[in-house]
Every structure is written in structure tokens, then in C-alpha cells.
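Bear in mind that the values in this text are calculations on the coordinates, not laboratory data. Here the structure is a predicted model, which is why all the values come from computation and not from measurement. Cβ coordinates were reconstructed from backbone atoms using ideal geometry, including for glycine residues, and neighbour counts include every protein chain displayed.
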Amino acid sequence: MNACLLKNFGTTVRRLREARNWSQEQLAEHADLNRSYVGEIERGQVVASILTVEKLARAYGLSGAVLLEHCEKSRTPQPAKGIDLAAIAC
């Protein structure tokens, strides 16, 4: 599994939680999840199932697709290692 994807998803979950001024415990209650599991998701330590993504999305009042969209938007492009990007620019 792509560690960057897990980290981006966790960061998105945390940012949305913090934007609502919720603790991990509050998010866990809203999403019907365990608080420690929410922490593992936020740290990018576990792969959330589709059902978990849906639970988190509903807790935020979003669809699963919109939650994943937030994740994609928060991605920061990583430069390719050892490749001079200027040399391949069009």
C-alpha cells in the first residue's frame, strides 16, 4: 500500500476533525469507531476499509467520494528523486 496515500488520508481526516473542533473521541462517537482506531488512521498506520471511509464521511456530513476528493486535493506533489525535471519539460 502506498504510504503517501495513507498519510494523506489520515491528514485529511485530522484536518476535517480539527476544523470542527472535535476531539478524536468525538469523531469516533460520530463515526461509530474506536478512538484509538481513529488515531491510527490519522497517523497513516492503518488502511481504512471502504466501510470506515463511509462512516467517517457521514460523520462529517459528506459522501465517501467527497471525503476522498478532499484527500486528493490535499496531496502535495513529491519531486522525482534523481530526475532533472527541467530536462524533460516541454
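A few points about this structure:
- Residue by residue, region 59-71 carries 3J(HN,Hα) couplings of 4, 8, x, 10, 8, x, 5, 5, 4, 5, 4, 4, 4 Hz when phi is fed to the Karplus relation 6.51 cos²θ - 1.76 cosθ + 1.60 (θ = phi - 60°); x denotes Gly or Pro.
- Ordered by the number of other Cβ atoms lying within 10 Å of each residue's own Cβ, fewest first, SER23, SER49 fall into the sequence SER49, SER23.
- Label-point separation, LYS73 to ILE50 (7 Å along Cα→Cβ), nm: 2.4 nm
- When the Cα gyration tensor is reduced to axis lengths a ≥ b ≥ c, the ratio a/c stays below 1.5 for region 3-72, which is therefore classed as rounded.
- Annotation for ARG43 and ARG58: the two label points, set 7 Å from Cα along the Cα-Cβ direction, are 2.7 nm apart.
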